[in-house]
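> After the structure tokens below, expect a handful of questions from me.
The values are calculated or read from the model by the stated rules, or taken from the named source; none is laboratory data. Here the structure is a predicted model, which is why all the values come from computation and not from measurement. All Cβ positions, even for glycine, are placed from backbone atoms using ideal geometry, and neighbour counts span all protein chains on display.
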Amino acid sequence: MTRVLVVEDDPIIGEMLTLYLTEESFEVKRVETARDGKRALDAFQPDILLLDLMLPDANGTELCAEFRQLSAIPIIVISMKPSVTARIQAISNGADDFLVKPFSMQELKVRMEAVLRRTQSLNRSVQPAAVAHGRDSNADSPSPADGLTMDLVRRTIVLDGEHIETTFSEYEIMKLFYQHPNRVFSREELINAVRGIDSFINDRAIDVHVTNLRRKLEKNPKEPQYIKTVWGVGYKFMNP
């Protein structure tokens, strides 16, 4: 049974979410504060997080970043703020999707399933290079040698032997780059790689994800060695 952690202080919305998702065969735990939400990440071990950005003890898109640092599970923000800026900030800080209140419960379920489906697909993936070279499927941990590799089982990027934590969307983009080195991807192709069903994603969000990846991977993000900009087209990945 899929476990859903709901961090929502509004009693009416919180109760509606709990009842609906329980009826749809999810195991639901609801808390009302950021502090209790962080505790529940460890105690409840959810598969997905529904996060309100206006809580009694914290508010703002930085909440996404805080929860993202604690867990790699998908995060769907549920918010009263309808602005494009709020959506971009939330996604840039680690959210995988964004829903504006009031929203359809059926739409929420579809978005949750889309994000979970992508996550499960990643977990089932086998690193193409390992298969091509006939390596044992259990040998999924990268060698500690210098350079950049992908660890699909742990869903991380490994740089110089260290695991680099990413958001779901950042990882999806990097996975596409890694599997197709030197190929130029347009922003539209990258949008299609990370988009769920009607998920909010646009050219600007792609640029933000790439900027965040460069900050995590490049020694000098202003002079990137891995993710190159192809002016007027998009981006390409080069692995020296």
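> Checking the conditions here, which among Ala114, Ala86, Ala95, Ala72 is over 22 Å from Leu21 (Cα atoms) and not assigned by TED's automatic domain parsing to the domain that holds Asp151?
Ala86
> Shifting gears a bit: Given the conditions (1) in a loop (DSSP other than H, G, I, E, B); (2) in contact with a Lys or Arg (Cβ under 9 Å, 6 or more places away or on another chain); (3) among the hydrophobic types (A, V, I, L, M, F, W, C), report the number of the one that Met1 does not fulfil.
For Met1, the failing item is (2).
> Here is a follow-up. Residues that are over 22 Å from Ala114 (Cα atoms) and either among the hydrophobic types (A, V, I, L, M, F, W, C) or free of Cβ contacts under 8 Å to residues at least 12 places away in the same chain (or both): find the helices (runs of 4 or more DSSP H) completely inside the stretch 22-98 holding 3 or more of those.
Of the helices (runs of 4 or more DSSP H) lying wholly inside the stretch 22-98, those with at least 3 residues that are over 22 Å from Ala114 (Cα atoms) and either among the hydrophobic types (A, V, I, L, M, F, W, C) or free of Cβ contacts under 8 Å to residues at least 12 places away in the same chain (or both) span 34-44.
> Can you name every residue in the stretch 160-175 that is surrounded by fewer than 18 Cβ atoms within 10 Å (Cβ to Cβ) and of a type outside the set (Val, Ile, Thr)?
Those that are surrounded by fewer than 18 Cβ atoms within 10 Å (Cβ to Cβ) and of a type outside the set (Val, Ile, Thr): Asp160, Gly161, Glu162, His163, Glu165.
> While we're here: Given (1) part of a helix (DSSP H, G or I); (2) closer than 25 Å to His209 by Cα; (3) at pLDDT 90 or above, where does Leu17 come up short, assuming only one miss?
Leu17 satisfies every listed condition except (2).
> Let me ask another. Step by step: first the residues of the stretch 193-240, then only those that are of a type in the set (S, T, N, Q) and touching a strand residue (DSSP E or B) at 6+ places or on another chain (Cβ under 9 Å), then the one that is modelled with the lowest pLDDT. Which residue is that?
Here the answer is Ser199.
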